[in-house]
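Asks: Structure provided below as structure tokens; questions to follow.
The values are calculated or read from the model by the stated rules, or taken from the named source; none is laboratory data. Since we're looking at a predicted model, the values are computed, not measured. In this analysis, Cβ positions are derived from the backbone assuming ideal geometry, glycine residues included, and neighbour counts consider all displayed protein chains.
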Amino acid sequence: MTAPLLQARGLVQEYATARSFFGKTSTVRAVDGIDLTVRQGEILGIVGESGSGKSTLGRMLLGLETPAGGEVLYQGAPMPAPRTDAWRKLRAQMQLIFQDPLAALDRRMTIAAQIAEPLEIHGIAKGAEAAERLAALMARVGLRRDQADRYPHELSGGQRQRVVIARALATNPGFLVCDEPVSALDVSIQAQVVNLLRDLQEQEGLTMVFISHDLKVVRNICDRVAVMYLGRVVEEAPSDLLFADPRHPYTRALVSSIPKPGQGLHGRIILQGEPPNPAARPAGCAFHPRCAFADRGCAARVPELQHDGRRQIACLKPDAAAATAA
Amino acid sequence: MTDATLTAPRPGIITRMRLKMPFLVVLSSGWIIAMVLVAIFADLLRPYEITQMNLSARLVPMGTPGHLLGTDELGRDMLSRLIQSIRVSLVIAFGATILSALFGTTLGFLAAQFRGWVEHVVMALADFQAALPFMIMSLAVLAFFGSSMVLLVCLMGFYGWERYARIARGLAISASAQGYAAAVVQLGAKPSRVYLRHILPNVASTLIVSMTLTFPEIILMESGLSFLGLGVQPPQTSLGNLVGFGREYLTRAPWIMLAPSVVIVLTTLSISLLGDWLRDRLDPTIR
């Protein structure tokens with residue numbers, strides 16, 4: 001087993017919600033106690049519904065947000081506080097790929113200037129050397145040389161995302177967080193970008209955390225997958241195992257929702273009840289109001305993440321769930 | 001142009017400018033350049049001293065030989081006084097506009113960067129400035145400290161800063177939330193780089209439009225103060241001053257007021273047209 005590049009221990013993040021006129025502020029636990037290990041050279045997928053805290057987790061793993069509790073260790077060292085010099089220096093080693101590439105790019109700068117910007121910021125290359133690296137970067141992500149002087153609005157969505165990826169790769173980072181990198185793109189373009197990311201990962205041995213709500217994409221690209229529900233990891237397993245044999249009732253519902261040709265709605269688990277609301281977290285297992293196997297015990301006790309062979313699962317009644325699956 | 005027949009001549013700078021700029025913009029930039037030149041070379045262009053009186057030629061109309069724009073009630077040459085006024089008014093208006101844009105934008109960016117109590121203080125100051133009639137504040141300051149050119153420019157430099165501060169703060173915050181500024185921060189850039197290289201160029205168009213609005217307002221504000229006797233002090237003169245004093249002779253000698261009014265209108269109009277065009281030129285997305 002390869003060494004962990006990044007470790008998260010007991011990560012918690014809370015946000016104060018807008019207060020009503022006389023009321024007190026309530027806090028929302030977006031992330032509620034997450035332990036996670038990212039090994040060197042793997043792609044870890046994080047899936048979950050919107051509001052499950054995936055993006056917040058991703059931002060904390062990168063050190064863009066200071067967690068309210070717990071810590072993140074990068075190569076064994078704690079993450080420096082945001083916007084300090086040590087933190088800025090560390091940016092060269094870890095990068096974020098955004099969901100909306102148009103918003104992430106400066107409308108008034110040519111893409112060449114933007115791709116080369118990290119080199120300038122971190123003082124890595126200048127003049128002819130920088131131009132050379134720029135050309136290499138653009139070639140690596142499949143941008144044509146004549147597009148260098150274009151502005152972001154003159155490119156297509158897929159090309160813009162390539163620009164964002166090239167900029168993220170400029171400093172040769174060891175760790176990338178992709179926050180829904182393809183969900184703003186057309187399906188035909190999605191495949192190109194996913195393939196690009198996978199090729200880059202294979203060539204460079206990049207370590208990636210891939211956040212998505214799109215299970216097809218996650219299955220395609222990830223080595224290991226963590227499923228999140230209301231700020232907690234409910235199941236974590238190697239990708240092939242998780243998709244072939246999901247154990248947690250929530251994971252099973254998710255996996256069954258992947259459309260298969262010619263099957264219609266047959267065999268799908270349709271979840272009942274409200275979609276999760278982090279401001280009103282149910283007592284006990286957060287999933288129990290929507291779970292088909294829940295009983296009174298589930299409403300009383302919070303399940304811990306427990307090892308079960310190659311997987312980890314947080315369910316009080318995994319056997320009941322497994323029995324009906326068989 | 002002897003070699004024009006051999007090679008296609010590269011069009012001159014005038015031709016290239018004309019192709020790139022709309023006609024009105026050419027006119028207005030021409031006017032502004034002329035005004036700036038007049039302001040710089042005022043001492044050479046003036047036919048008479050601004051205080052030189054000729055009591056035998058009082059209130060002569062426009063077009064009188066020797067006094068192209070006529071004379072005022074003391075027989076002072078209006079052309080000389082107009083030229084001097086243009087210098088004084090332009091120094092005040094340009095100086096104050098730039099000062100207030102710099103001051104307001106800096107405070108706005110500081111508020112956006114630090115948030116918290118810095119933002120509260122800046123916004124409270126902006127509200128204070130907006131609530132306080134500027135004329136009254138200027139009257140108080142000028143009455144206490146006496147009028148001087150430097151003080152006048154600095155004072156006018158406070159005119160309208162709250163607008164820039166609000167605009168700059170709002171746009172900077174939305175840029176950070178929107179992504180491109182956050183993305184650059186995430187690349188490891190220092191705040192100076194984020195604000196000067198990314199946010200400023202992106203918000204410049206709005207600020208330029210705001211400047212073109214402030215410029216005429218400052219000219220008018222200065223005229224108001226001069227008219228009340230607290231702005232530019234006689235015998236020194238400014239455009240507003242001329243209009244103010246010419247008011248008394250409006251029916252008998254309208255030329256005293258006419259020339260400075262025309263200059264005010266044309267200059268402010270040119271600034272607006274030029275600013276509008278510049279904003280469009282600076283935005284690559286609508287080129």
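Asks: So, in region A:43-55, exactly how many residues are surrounded by fewer than 22 Cβ atoms within 10 Å (Cβ to Cβ) and in a loop (DSSP other than H, G, I, E, B)? Let's see the steps before the verdict.
Replies: We begin by selecting, within region A:43-55, every residue surrounded by fewer than 22 Cβ atoms within 10 Å (Cβ to Cβ); these are A:49-51, A:55.
Add one more test, that the residue is in a loop (DSSP other than H, G, I, E, B), and what stays is A:49-51.
So the answer is 3.
Asks: Just to be sure I understand the filter: pairs with C-beta atoms under 8 Å, separated by 6 or more residues or on different chains, first member in region A:268-283 and among the hydroxyl-bearing types (Ser, Thr, Tyr), second member at pLDDT below 80. Which pairs pass?
Replies: That search, which allows pairs on different chains as well, returns nothing.
Asks: I'd like the residue in region A:56-66 that is more than 14 Å from chain B (Cβ to nearest Cβ) and either part of a helix (DSSP H, G or I) or of a type outside the set (Val, Ile, Thr) (or both) and, out of all such residues, is surrounded by the fewest Cβ atoms within 10 Å (Cβ to Cβ). Lay out the reasoning, then the answer.
Replies: First pass over region A:56-66, keeping only residues more than 14 Å from chain B (Cβ to nearest Cβ): A:56-57, A:66.
Still in the list and also either part of a helix (DSSP H, G or I) or of a type outside the set (Val, Ile, Thr) (or both): A:56-57.
Working: A:Thr56: 24, A:Leu57: 29.
Out of the qualifying residues, it is A:Thr56.
Asks: Scan region A:188-202 for residues that are touching a Lys or Arg at 6+ places or on another chain (Cβ under 8 Å) and under 18 Å from A:Ser156 (Cβ atoms) and report the count.
Replies: Just the residues of region A:188-202 that are touching a Lys or Arg at 6+ places or on another chain (Cβ under 8 Å), to begin with: A:193, A:196, A:200.
Pick out the ones that are also under 18 Å from A:Ser156 (Cβ atoms) and you get A:193, A:196.
Residues in region A:188-202 being touching a Lys or Arg at 6+ places or on another chain (Cβ under 8 Å) and under 18 Å from A:Ser156 (Cβ atoms): 2 in total.
Asks: Would you confirm whether any residue within region A:67-85 is more than 30 Å from B:Pro284 (Cα to Cα), of a type in the set (S, T, N, Q) and part of a strand (DSSP E or B)?
Replies: As a first pass, look at region A:67-85 and keep what is more than 30 Å from B:Pro284 (Cα to Cα): A:67-85.
Applying the additional criterion that residues be of a type in the set (S, T, N, Q) yields A:75, A:84.
Cutting the leftovers down to part of a strand (DSSP E or B) gives us none.
Among the residues of region A:67-85, not one is more than 30 Å from B:Pro284 (Cα to Cα), of a type in the set (S, T, N, Q) and part of a strand (DSSP E or B), which makes the answer no.
Asks: Which one of these is away from chain B (no Cβ under 14 Å) and either in a helix (DSSP H, G or I) or farther than 22 Å from A:Glu117 by Cα (or both): A:Arg198, A:Arg167? Please lay out each step first, then the result.
Replies: Numbers: A:Arg167 fails: away from chain B (no Cβ under 14 Å).
Being away from chain B (no Cβ under 14 Å) and either in a helix (DSSP H, G or I) or farther than 22 Å from A:Glu117 by Cα (or both) holds for just one of A:Arg198, A:Arg167, which is A:Arg198.
Asks: Within region A:170-194, which residues are among the polar types (S, T, N, Q) and within 14 Å of chain B (Cβ to nearest Cβ)? Can you show your working first?
Replies: Pass one, region A:170-194, residues among the polar types (S, T, N, Q): A:171-172, A:183, A:188, A:190, A:192.
Of everything in region A:170-194, those that are among the polar types (S, T, N, Q) and within 14 Å of chain B (Cβ to nearest Cβ) turn out to be A:Thr171, A:Asn172.
Asks: Which residues, taken from region A:208-232, are buried (at least 24 other Cβ atoms within 10 Å of the Cβ) and polar (S, T, N, Q)?
Replies: A:Ser212
Asks: Which of (1) modelled with pLDDT of 90 or more; (2) touching a helix residue (DSSP H, G or I) at 6+ places or on another chain (Cβ under 9 Å) is the odd one out, the single condition A:Leu90 does not satisfy?
Replies: (2)
Asks: Do the conditions hold for B:Tyr159, that is, is it within 16 Å of the chain's Cα centre (by Cα) and at pLDDT 90 or above?
Replies: On the way: within 16 Å of the chain's Cα centre (by Cα): yes; at pLDDT 90 or above: no.
Spelling it out, it is not the case that B:Tyr159 is within 16 Å of the chain's Cα centre (by Cα) and at pLDDT 90 or above.
Asks: While we're looking at this one, here's another question. So, restricting to helices (runs of 4 or more DSSP H) that lie completely within region A:101-140, which ones have at least 2 residues that are within 9 Å of chain B (Cβ to nearest Cβ) and either modelled with pLDDT of 90 or more or within 13 Å of A:Val164 (Cα to Cα) (or both)? Break it down stepwise before answering.
Replies: Values: elements: A:101-104, A:111-121, A:127-140.
Of the helices (runs of 4 or more DSSP H) lying wholly inside region A:101-140, those with at least 2 residues that are within 9 Å of chain B (Cβ to nearest Cβ) and either modelled with pLDDT of 90 or more or within 13 Å of A:Val164 (Cα to Cα) (or both) span A:101-104, A:111-121.
Asks: Answer yes or no: is there a residue in region A:150-157 that is within 11 Å of chain B (Cβ to nearest Cβ) and among the polar types (S, T, N, Q).
Replies: Within region A:150-157, the first condition is being within 11 Å of chain B (Cβ to nearest Cβ), and the residues that meet it are A:150-154.
Retained after the next criterion (residues that are among the polar types (S, T, N, Q)): none.
The answer is no, given that none of the residues of region A:150-157 is within 11 Å of chain B (Cβ to nearest Cβ) and among the polar types (S, T, N, Q).
Asks: Every residue in region A:238-258 that is part of a loop (DSSP other than H, G, I, E, B) and crowded, with 18+ Cβ neighbours inside 10 Å, please.
Replies: Restricting attention to region A:238-258, the residues satisfying the condition of being part of a loop (DSSP other than H, G, I, E, B) are A:245-248, A:257-258.
A:Pro246, A:Arg247, A:His248, listed by residue number.
Asks: Got a number for residues in region A:201-237 being over 21 Å from A:Gln40 (Cβ atoms) and not in a loop (DSSP other than H, G, I, E, B)?
Replies: Start the filter on region A:201-237 by keeping residues that are over 21 Å from A:Gln40 (Cβ atoms), which leaves A:212-217, A:219-220, A:227-232, A:234-235.
Those left that are additionally not in a loop (DSSP other than H, G, I, E, B): A:212, A:215-217, A:219-220, A:227-229, A:232, A:234-235.
Qualifying residue count, region A:201-237: 12.
Asks: With touching a helix residue (DSSP H, G or I) at 6+ places or on another chain (Cβ under 6 Å) and among the acidic types (Asp, Glu) as the only criterion, which of A:Glu49, A:Glu65 stands out?
Replies: Numbers: A:Glu49 fails: touching a helix residue (DSSP H, G or I) at 6+ places or on another chain (Cβ under 6 Å).
Unique residue meeting the criteria: A:Glu65.
Asks: I would also like to ask the following. Please pick out the residue among A:Val47, A:Val38, A:Val28 that is at pLDDT 90 or above, among the β-branched types (Val, Ile, Thr) and closer than 25 Å to A:Ala279 by Cβ. Before the answer, list the steps.
Replies: Working: A:Val38 fails: closer than 25 Å to A:Ala279 by Cβ; A:Val28 fails: at pLDDT 90 or above.
After applying the criteria, what remains is A:Val47.
Asks: What number of residues within region B:43-65 satisfy the criterion of being over 16 Å from B:Pro235 (Cα atoms) and surrounded by 12 or more Cβ atoms within 10 Å (Cβ to Cβ)?
Replies: The number of residues fulfilling the criteria is 9.
Asks: Going by the structure shown, is B:Gly157 at the interface with chain A (Cβ under 8 Å from one of its Cβ atoms) and in contact with a helix residue (DSSP H, G or I) (Cβ under 9 Å, 6 or more places away or on another chain)?
Replies: So B:Gly157 does not fit the description; no.
Asks: Okay, next question. Which condition from (1) in contact with a helix residue (DSSP H, G or I) (Cβ under 9 Å, 6 or more places away or on another chain); (2) assigned to a helix (DSSP H, G or I); (3) at pLDDT 75 or above is the one that B:Arg18 breaks?
Replies: (3)
Asks: Being part of a loop (DSSP other than H, G, I, E, B) and within 7 Å of chain B (Cβ to nearest Cβ) is the filter; apply it to region A:87-100 and report the residue that is nearest to A:Leu61 (Cα to Cα).
Replies: Taking the candidates together, the pick is A:Arg91.
Asks: Among the numbered conditions (1) at pLDDT 85 or above; (2) surrounded by 15 or more Cβ atoms within 10 Å (Cβ to Cβ); (3) not hydroxyl-bearing (Ser, Thr, Tyr), tell me where B:Val150 comes up short.
Replies: It fails just one condition, (2).
Asks: Could you figure out which of (1) without any contact (Cβ under 8 Å) to a residue 60 or more places away in the chain; (2) on the phi < 0 side of the Ramachandran plot; (3) in contact with a helix residue (DSSP H, G or I) (Cβ under 7 Å, 6 or more places away or on another chain) isn't true of A:Ser212?
Replies: (1)
Asks: Any residue in region B:192-219 that is facing chain A (nearest Cβ under 10 Å) sitting within a Cβ distance under 7 Å of a residue that is part of a helix (DSSP H, G or I) and among the hydroxyl-bearing types (Ser, Thr, Tyr)? List the pairs, counting only those 6 or more apart or interchain.
Replies: Close Cβ pairs (under 7 Å, with a partner that is part of a helix (DSSP H, G or I) and among the hydroxyl-bearing types (Ser, Thr, Tyr)) amount to B:His198/B:Tyr180.
Asks: Would you confirm whether or not region A:75-85 contains a residue that is within 20 Å of A:Gly174 (Cα to Cα), in contact (Cβ under 8 Å) with a residue 12 or more places away in the chain and within 10 Å of chain B (Cβ to nearest Cβ)?
Replies: Yes, some residue in region A:75-85 is within 20 Å of A:Gly174 (Cα to Cα), in contact (Cβ under 8 Å) with a residue 12 or more places away in the chain and within 10 Å of chain B (Cβ to nearest Cβ).
Asks: Quick one: is B:Val185 buried (at least 16 other Cβ atoms within 10 Å of the Cβ), within 14 Å of another protein chain (Cβ to nearest Cβ) and in a helix (DSSP H, G or I)?
Replies: Values: buried (at least 16 other Cβ atoms within 10 Å of the Cβ): yes; within 14 Å of another protein chain (Cβ to nearest Cβ): yes; in a helix (DSSP H, G or I): yes.
Yes; evaluated as a whole, the condition is true for this residue.
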